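Written below as structure tokens is the structure these notes are about.
Readers should treat all values here as calculations from the given coordinates under stated rules, not as data from a laboratory. Everything quoted here is computed from the prediction, not taken from an experiment. Backbone-built Cβ (ideal geometry, glycine too); neighbour counts: all protein chains shown.
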Amino acid sequence: MPLQALVAALGWRHSVLKFSPMRKSRLQPYRHFAKHYHAGNYIQFSHWISQEVFPHLLTMLNFSPHSLLDLACGSGVFAVSAAQQGLAVTGLDASADMLAISQALAREANVQVSWVQADMSSFSLPARFDCITCFFDSLNYLLKVEDLSHTFQAAYAHLNPGGYFIFDMNTIYGLAVVWQRFPFNLAQDQPNYMEFTEVSYDYELEIANMRVIMFERGEKRTWVKHEELHQERGYHIEDVLLLLSRAGFELKHLFGHPIQETPLMENSGRMWVIVQKPA
């Protein structure tokens with residue numbers, strides 16, 4: 001079913017997309033946090049994607065891709081796992097610090113992955129892929145509608161006909177409600193490292209702010225403090241579907257949970273989307 005027809009059939013409200021400048025963080029995300037991100041519990045989500053979600057979705061689609069592009073690949077857990085399964089994998093991320101961890105992980109696993117440092121909203125590669133993925137909160141880091149639209153267009157341009165683009169995003173409910181249940185949290189507590197997260201939500205801009213406060217043990221029992229501000233924007237599902245439709249995609253599946261294959265609900269914290277480039 002065409003995406004615009006699905007929006008109308010489900011009775012979703014069509015919001016007006018506002019293409020306007022958004023405030024930028026003065027603290028670069030993942031500049032110092034990268035190494036602690038990979039050492040923490042965050043990568044458990046990537047392991048779940050690799051071991052359960054992605055295999056389940058491929059089986060459901062009866063789809064066996066040969067090549068894969070993982071956008072915002074982060075520390076490379078999913079990309080390396082896909083390479084271990086025999087796929088020709090390219091991992092793309094804007095963070096040089098994250099890519100350094102990815103490269104080390106691939107060497108340790110003795111697999112070949114092509115790594116590219118680029119912005120997922122403006123990348124251009126010579127290759128085309130059977131499948132493109134973008135998991136975890138990656139797309140929510142795009143604070144401008146234009147950047148989300150450009151990312152969808154770039155994904156479409158880099159897919160082979162009949163290929164799938166599979167991604168997930170935090171919903172507005174997830175950022176405005178689920179995140180706010182833990183406004184201040186001790187995320188990691190180790191002998192030489194402590195990490196706190198402080199979250200808030202801007203209802204006018206529909207942007208969640210997470211301040212990551214890191215303490216590293218230095219010399220002579222001193223502690224060194226680092227901070228990063230991570231911002232994520234929630235998007236209305238009708239806007240996401242509209243942008244995908246404009247890019248040329250056809251919607252195949254929309255879930256609130258990828259394993260249970262439950263529909264997206266108003267209280268779903270995350271949306272799982274599978275779209276296809278027409279053959």
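Quick check on the exposure proxy: order Thr59, Thr151 from fewest to most C-beta atoms within 10 angstrom. All intermediate terms of the calculation are to be shown ahead of the outcome.
Working: Thr59 10, Thr151 25.
With the sparsest Cβ surroundings first, the list reads Thr59, Thr151.
Can you put Phe167, Phe136 in order of Cβ neighbours within 10 angstrom, beginning with the fewest? Numbers along the way, then the final one.
Values: Phe167 23, Phe136 20.
In increasing order of surrounding Cβ atoms, one gets Phe136, Phe167.
For the chain, the share of DSSP beta bridges that are antiparallel, to the nearest 5, is 70%.
For the chain, what is Rg from Cα atoms divided by 2.2 N^0.38 Å, rounded to two decimals?
On the way: Rg = 18.8 Å, N = 279, 2.2 N^0.38 = 18.7 Å.
Rounded to two decimals, the normalised Rg is 1.00.
In this label model, Ser64 and Glu219 are separated by 5.9 nm, measuring between points 7 Å along each Cα→Cβ vector. If you build a Gaussian network model of the chain, linking Cα atoms that sit under 10 Å apart, which residue out of Gly256, Gly74, Gly40 swings the most? Between Gly256, Gly74, Gly40, it is Gly40 that shows the largest mean-square fluctuation. Sort out for me the Cα centre separation of region 151-198 from region 251-279, rounded to whole Å. What the calculation gives is 16 Å, centre to centre.
The relative contact order of region 176-229 comes to 26 percent, based on Cα pairs under 8 Å that sit 6 or more residues apart. Rounded to the nearest 20 debye, the dipole magnitude of the chain is 340 debye, with +1 charges on Lys and Arg beta carbons, -1 on Asp and Glu beta carbons, and the Cα centre as origin. Percent relative contact order of the chain, based on C-alpha pairs within less than 8 angstrom and at least six residues apart? After rounding, I find 20 percent.
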